[in-house]
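Input: a single structure, listed below in structure tokens.
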Amino acid sequence: MRYLVFVFILLSSFLTSAEPVNIALLKQQIEQYQQSGEYLQEVDKVISKAHSYLQKVITLNNKKAHPGKLALVLDIDETSLTNFSKIKARGFCNLKNSIHQEILAADSPALKPTLNLYNYALKNNVKVFFVTGRDTSEKEATIKNLHMAGYQKWSGIYFKPMDYHSASIISFKSSARKKITEMGYTIVESIGDQYSDIRGGYTMCGFKLPNPFYFIA
């Protein structure tokens with residue numbers, strides 16, 4: 001009898017070996033990751049590396065006889081602003097209409113390490129550009145929110161066109177960076193919470209912030 005029970009347990013373990021992580025447990029882990037401070041610590045580590053890299057490029061640029069025009073490109077959601085309380089409230093579900101209403105509320109706080117980098121860039125004559133997956137219908141609310149959160153000025157902000165239907169955001173973000181370079185800027189670094197924020201070229205370096213909350217191709 002004991003042998004049969006052992007065989008049953010052994011077979012059960014094989015039958016469930018491909019089972020994904022339980023979503024309820026995963027949500028708990030994500031909440032703990034954010035609320036423990038570990039998430040912000042990891043954001044700070046990435047931004048610290050971005051700061052060091054930017055500082056080196058600025059120093060080298062200033063030594064040139066004819067310094068170039070330097071730029072910093074920032075994503076907005078989970079990069080410049082944090083929406084965690086709203087993401088948690090909707091159960092980590094990416095409901096398009098809910099997200100749109102959250103954006104229109106224009107009350108998301110700054111992700112402090114990014115805001116510090118933004119201020120450093122401006123103080124050192126590095127122009128800041130925002131390139132966001134938010135669409136043009138959310139422009140007014142986004143500008144209001146950025147100002148409220150401490151991002152008082154920038155040299156350009158690019159919103160996803162309403163008629164953009166590609167499965168990936170990469171081509172839009174890449175084309176926006178291309179436009180910036182065509183204005184004579186060297187984009188020192190592009191920072192975002194998705195790999196799609198930093199792929200596609202037209203930047204010296206890309207820095208990926210942690211984001212276990214959602215995924216954008």
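The values are calculated or read from the model by the stated rules, or taken from the named source; none is laboratory data. Nothing here was measured: the structure is a model prediction, and the numbers come from that model. Heads up, the Cβs are rebuilt from the backbone with ideal geometry, glycines too, and the neighbour counts pull from every protein chain shown. With ligands, DNA and RNA removed, areas are computed over all heavy atoms of the protein, side chains included. Shrake-Rupley method; radii C 1.70, N 1.55, O 1.52, S 1.80 Å.
Over every pair of different alpha-carbon atoms in the stretch 84-169, take the mean of 1/r and invert it; report that Kirkwood radius in Å. Result for the stretch 84-169, one decimal place: 14.3 Å. Based on Cα atoms of the stretch 128-172, Rg over Rh with Rh as the Kirkwood radius reads 1.00.
Note on the stretch 80-125: along the principal axes its Cα atoms extend 40, 17, 14 Å, ordered by decreasing extent.
How high is the FRET efficiency between residue 155 and residue 86 when r is their beta carbon distance and R₀ equals 25 Å, given to the nearest 0.05?
0.30
Tell me which of 146, 176, 196 sits at the most positive position along the dipole axis of the chain, charges placed on C-beta atoms (Lys, Arg +1; Asp, Glu -1). Sorting the options by dipole projection puts first 176.
Suppose every K and R has +1 on its Cβ and every D and E has -1 on its Cβ; what is the size of the dipole of the stretch 69-195 about the Cα centre, in Debye to the nearest 20? All intermediate terms of the calculation are to be shown ahead of the outcome.
Working: 17 positive and 12 negative charges, 48 e Å.
Here the stretch 69-195 has a charge dipole of around 240 debye.
At an R0 of 45 angstrom, the distance between the Cβ atoms of residue 97 and residue 182 translates into a FRET efficiency of 0.80. Once you sort the root eigenvalues of the Cα gyration tensor of the stretch 35-125 as a ≥ b ≥ c, which label holds: rounded (a/c under 1.5), prolate (a/b larger than b/c) or oblate (the other case)? Here the stretch 35-125 falls in the prolate category. About the centre of its Cα atoms, the chain shows a dipole size close to 700 debye [charges on the beta carbon of Lys, Arg (+1) and Asp, Glu (-1) only; nearest 20 debye]. Membrane-span-like helices in the chain (whole DSSP H runs, Cα extent of at least 30 Å along the helix axis, mean Kyte-Doolittle hydropathy of at least -0.5): 38-62. For the chain, what is the Kirkwood estimate of the hydrodynamic radius, computed as the reciprocal of the mean inverse distance between distinct Cα atoms, to one decimal in Å? Kirkwood radius, the chain: 19.2 Å. Once you treat every alpha carbon in the stretch 100-217 as an equal point and sum by Debye, what is log10 I(q)/I(0) at q = 0.10 Å⁻¹? Treating every Cα as an identical point scatterer, log10 I(q)/I(0) equals -0.29.
Just the number, please: carbon plus sulfur as a percent of the accessible area of the chain, 1.4 Å probe, no ligands or DNA/RNA counted. Don't skip to the end; give the middle numbers.
On the way: 7170 of 12390 Å².
Solvent-exposed carbon and sulfur of the chain make up 58 percent of the total.
For the chain, averaging the sequence separation of C-alpha pairs within contact (under 8 Å, six or more residues apart) and dividing by the residue count gives a relative contact order of 24 percent.
Calculated accessible area for the chain comes out at 57 Å² per residue, all protein chains present (probe 1.4 Å; ligands, DNA, RNA ignored).
Beta bridges assigned by DSSP with both partners in the chain are antiparallel in approximately 5 percent of cases.
Springs between Cα atoms under 10 Å define the GNM used for the chain, and in it the highest mean-square fluctuation of 179, 63, 123 occurs at 63. For the stretch 155-217, the convex hull drawn through the C-alpha positions has a volume of 93 cubic angstrom per residue.
Structural descriptor for the stretch 122-217: relative contact order 23 percent, calculated from alpha carbon pairs under 8 angstrom and at least 6 residues apart. What the Cβ-Cβ distance of residue 105 and residue 167 gives, at R0 = 41 Å and to the nearest 0.05, is a FRET efficiency of 0.90.
For the pair the stretch 187-217 and the stretch 131-184, the centres of their Cα atoms are 14 angstrom apart. Across 46, 188, the residue with the most accessible area heads the list, and the full order at a 1.4 Å probe is 46, 188.
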